[in-house]
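Chemist: Structure incoming, see below.
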Amino acid sequence: CASYRLRDGVHPLWQSPITIPGGRRQSPINIQWKDSVYDPHLKPLEIRYDPATCLHMWNNGYSFLVEFEDSVDKSIITGGPLENNYRLKQFHFHWGAVNEWGSEHTVDCKVFPAELHLVHWNSCKFSSFEEALMEENGLAVIGVFLKLGANHSGLQKLVDALPSIKHKDALVELDEFDPSCLLPSCPDYWTYAGSLTTPPLSESVTWIIKKNAVEVDEDQLEVFRMLLFTPSGEEEKRMVDNFRPLQPIMDRTVRSSFP
Ligand SMILES: NS(=O)(=O)c1ccc(Cc2ccc([N+](=O)[O-])cc2)cc1
Ligand SMILES: [Zn+2]
């Protein structure tokens, strides 16, 4: 895929190099469908979210994220490639300035207009997200591609609140929100060992990328693009193209849960 050209440069959005020296399991990657290996031992992923654990939504200056109360195993995923329970901490998105790009992962070099990341930490082995974040198998992130189509009624509740967090560090309380409504109904996924796609780029993530995309409409993506990287009072910079370029797969294998 074309964006490899950027691999050794410095991406405009990033101060630090976009690959870390010696990083052997960096994310995102291009998933070459024919190179993925069906693993019949992969179990179905079990997703059990409690809408009441939803706290608030805020603009962290790079994306907007919805955070969850994670002091007990109320919203968890387990099964799939995972050995333990992983507790939901937050979800956020990556998107482009236009519909032609925006996702972090690609499939056979196909780019999607946006990508959802649901971030979980291993609550059996660690006592907090911060602790898990630096450990191998500390985190599990579910990636869901967004494609242009019908209006997404579940997403609309978040979209309606985005204008209230236009600027960096703005926060809005959310009442119940069930992130399961953002997942495709098809259980199929790919999985591989990778990293955070933003600093500190920790190589602690088991990635679970859903094979099927969910549909959102153009107006919903336009509201994402209305957000700002910048705090109130500073020169406005639209929050777009907040994705990391593709990273080399190195000696990794992507497994599929489907034949
Ligand atoms: N895009 S992603 O790989 O799913 C991703 C998931 C979670 C995070 C959150 C995060 C991870 C680490 C830190 N830190 O160490 O300061 C701050 C924020 C950052 C990036
Ligand atoms: Zn992300």
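The values are calculated or read from the model by the stated rules, or taken from the named source; none is laboratory data. Here the structure is a predicted model, which means the values were calculated and not measured. Methodologically, a virtual Cβ is constructed for each residue, glycine included, from the backbone with ideal geometry; neighbour enumeration extends over all protein chains shown. Heavy atoms of the whole protein, side chains included, go into the accessibility calculation; ligands, DNA and RNA do not. Shrake-Rupley method; radii C 1.70, N 1.55, O 1.52, S 1.80 Å.
Chemist: Looking at the range 126-139 only, could you name the residues that are under 12 Å from LEU82 (Cα atoms) and more than 10 Å from ligand 1 (Cβ to nearest atom)?
Modeler: Answer for the range 126-139, where residues must be under 12 Å from LEU82 (Cα atoms) and more than 10 Å from ligand 1 (Cβ to nearest atom): ASN137, GLY138.
Chemist: Sticking with this one: Given the condition free of Cβ contacts under 8 Å to residues at least 40 places away in the same chain and either within 12 Å of ligand 2 (Cβ to nearest atom) or assigned to a strand (DSSP E or B) (or both), answer yes or no: does some residue in the range 90-103 qualify?
Modeler: Yes, because at least one residue in the range 90-103 is free of Cβ contacts under 8 Å to residues at least 40 places away in the same chain and either within 12 Å of ligand 2 (Cβ to nearest atom) or assigned to a strand (DSSP E or B) (or both).
Chemist: Turning to a different aspect of this structure: Failed condition for LYS210, given (1) farther than 17 Å from LEU65 by Cβ; (2) out of contact with any strand residue (DSSP E or B) (no Cβ under 6 Å at 6 or more places or on another chain); (3) open to solvent by less than 30 Å² (accessible area, probe 1.4 Å); (4) modelled with pLDDT of 95 or more, with all others met?
Modeler: Against the list (1) farther than 17 Å from LEU65 by Cβ; (2) out of contact with any strand residue (DSSP E or B) (no Cβ under 6 Å at 6 or more places or on another chain); (3) open to solvent by less than 30 Å² (accessible area, probe 1.4 Å); (4) modelled with pLDDT of 95 or more, LYS210 comes up short only on (2).
Residues checked against (1) within 16 Å of ligand 2 (Cβ to nearest atom); (2) among the acidic types (Asp, Glu); (3) in a helix (DSSP H, G or I); (4) surrounded by fewer than 18 Cβ atoms within 10 Å (Cβ to Cβ):
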residue	(1), (2), (3), (4)
LEU118	yes, no, no, no
ASN137	no, no, no, no
VAL141	yes, no, no, no
LYS147	no, no, no, yes
ALA150	no, no, no, yes
GLN156	no, no, yes, yes
SER164	no, no, yes, yes
CYS181	no, no, yes, yes
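Chemist: Those residues that are part of a loop (DSSP other than H, G, I, E, B), of a type in the set (Ser, Thr, Tyr) and more than 16 Å from ligand 1 (Cβ to nearest atom), I need them from the range 49-88; list them, please.
Modeler: Hits for the range 49-88 are TYR49, SER71.
Chemist: Next question. Does LYS34 fit the bill of being modelled with pLDDT of 95 or more, over 19 Å from the mean Cα position of the chain (by Cα) and part of a helix (DSSP H, G or I)?
Modeler: Spelling it out, LYS34 is indeed modelled with pLDDT of 95 or more, over 19 Å from the mean Cα position of the chain (by Cα) and part of a helix (DSSP H, G or I).
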